[in-house]
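Just below is one structure, and these are the notes that go with it.
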Amino acid sequence: MVQGVNTITATTAALDGDAQLMLRVREGDEPSFGVLLEKYRNPVIRFVYRMVQDQAISEELGQEVFLRVYRSRATYEPTAKFTTWLFRIATHLALNWLRDGKSERGHQRLDDEGDGEMPVREVADRRPSVEQRMVYQTRLQEVRDAIALLPEKQRAAVLMHKYEEMEYAQIAQVLECSESAVKSLVFRAYETLRVRLAHMTRV
Amino acid sequence: MNCPLKRVETTDLLLEYSARRLDASRAAAVGHHAESCTECSAFLAAQTAVWDALDAWEPPPVSMDFNRRLWQRIDRTAELPWYRGLFSAMRAANWKPVFPMAAAVLVIAGGFLLDHRGGRTVAPNAATSGVSGVSIIEADQLDQTLDDIQLLRQLDSVAPGGSAKQM
């Protein structure tokens, strides 16, 4: 019995802080959910945005991710890292949205979005010229197109590897496949991107 | 160091090197190797270019009212009666195949019931039609009998005269 309690204590101690927060949410502590929301709102929405490439949809799916986290609080078990669970929900939602063919509608709105604006930090003290903005937007569009043309799983794997800086093992847990499969997905995705964006390297 | 590109197991070393995620000793080994290996240096140059291109892609900022909308949805969910909550959970669980399956089950059950009821209705109908059939036959027989009686009466009324003449 004592050994069992010790095991539970050791397991709880080994949990990451986010999982411990989620356990508090399970006990009814709403502020802990607020902490998790503040911490992971931007990463989740950024990831979903790069998957679906539509701002409104990414926020809608982002809401759904956190709604599911909240609804699942009563049955939450910290079997993996909290971020693994969170990104698994986000990935499933994004992949389902893409597979439902809803992206057709979304691509029409790409040009209306404000994310084509050149970041101010790119040009130090002065505003970018019209030419610089056009070059930037063209390059950005090429990057987005190159990502959008990747197969869905490769896209998810490469986005988690590049932007979320996840380890192969964690990506494997999110995508529910082996680590070697993830390495292969990521390698093939970068290989495709190197070919598609090769002309940009010569600029 | 063996060329990482020569073995599938070590190709990710170059990806991790260009992502600057290798520990110092391994990064130094890969860097040293790339200086003398044209294939690896070309790979790293292309990969670094892709990395930089991807770095330029900044998503738009999240809406200011994202949290407010989320909490509203959470509150609305909490206010829902249990059956609406169950329905929402089913929708959230993405049980899309359930709906066509439920429709199929309904159609099959409906068909079975109709068939079953049809069987029962056929029997009374058959009985009814049998009864009405019997009634029609009886009416015909009655008409025939009445005709026969009338004919016999006519014959009967003709016969005494005939027999009288003969007598």
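Backbone phi angles across segment A:144-159, fed through the Karplus curve with coefficients 6.51, -1.76 and 1.60 (θ = phi - 60°), yield HN-Hα couplings of 4, 5, 4, 5, 5, 7, 5, x, 3, 5, 4, 4, 4, 5, 5, 5 Hz in residue order; Gly and Pro are listed as x.
For B:Ala19 and B:Ala78, what is the calculated FRET efficiency with R₀ set at 56 Å and r taken between the beta-carbons, to the nearest 0.05? The value I calculate is 0.85. Each residue of segment A:187-193 is assigned a 3J(HN,Hα), and the resulting list reads 4, 5, 5, 5, 4, 4, 5 Hz, derived from the Karplus form 6.51 cos²θ - 1.76 cosθ + 1.60 (θ = phi - 60°), x at Gly and Pro.
If you look at the Cα atoms of segment A:151-198, you get an Rg and a Dmax of 10.1, 31 Å.
Mean per-residue shielding of peptide A:182-192 is 3, counting Cβ atoms of other chains within 10 Å of each Cβ.
Spatial offset of segment A:126-203 relative to segment A:58-75 amounts to 26 Å, using the alpha carbon center of each.
For B:Arg69 and B:Arg153, compute 0.36 nm times the residue count separating them, minus their Cα-Cα distance, and round to one decimal in nm.
20.0 nm
Round to the nearest 0.05 the FRET efficiency obtained for B:Val105 and A:Glu30 when R0 = 45 Å and r is the Cβ-Cβ distance. Step by step, r from the Cβ atoms, then E = 0.65. Applied to segment B:38-55, the Karplus parametrisation 6.51 cos²θ - 1.76 cosθ + 1.60 on θ = phi - 60° returns per-residue 3J(HN,Hα) values of 5, 4, 5, 5, 5, 4, 5, 5, 5, 5, 5, 5, 4, 4, 5, 4, 5, 4 Hz, with x for Gly and Pro.
Give the relative contact order (percent, whole number) for segment B:4-55; include only Cα pairs under 8 Å separated by 6+ residues.
Here the relative contact order equals 36 percent.
Pairs of Cα atoms nearer than 8 Å and 6+ residues apart set the relative contact order; for segment A:151-198 it is 40 percent.
Bear in mind these aren't lab numbers, they're just calculated from the coordinates by the rules spelled out. All values reported here derive from a predicted model rather than from experimental measurement. Glycine also receives a Cβ, built like all others from the backbone with ideal geometry; neighbour counts cover every protein chain displayed.
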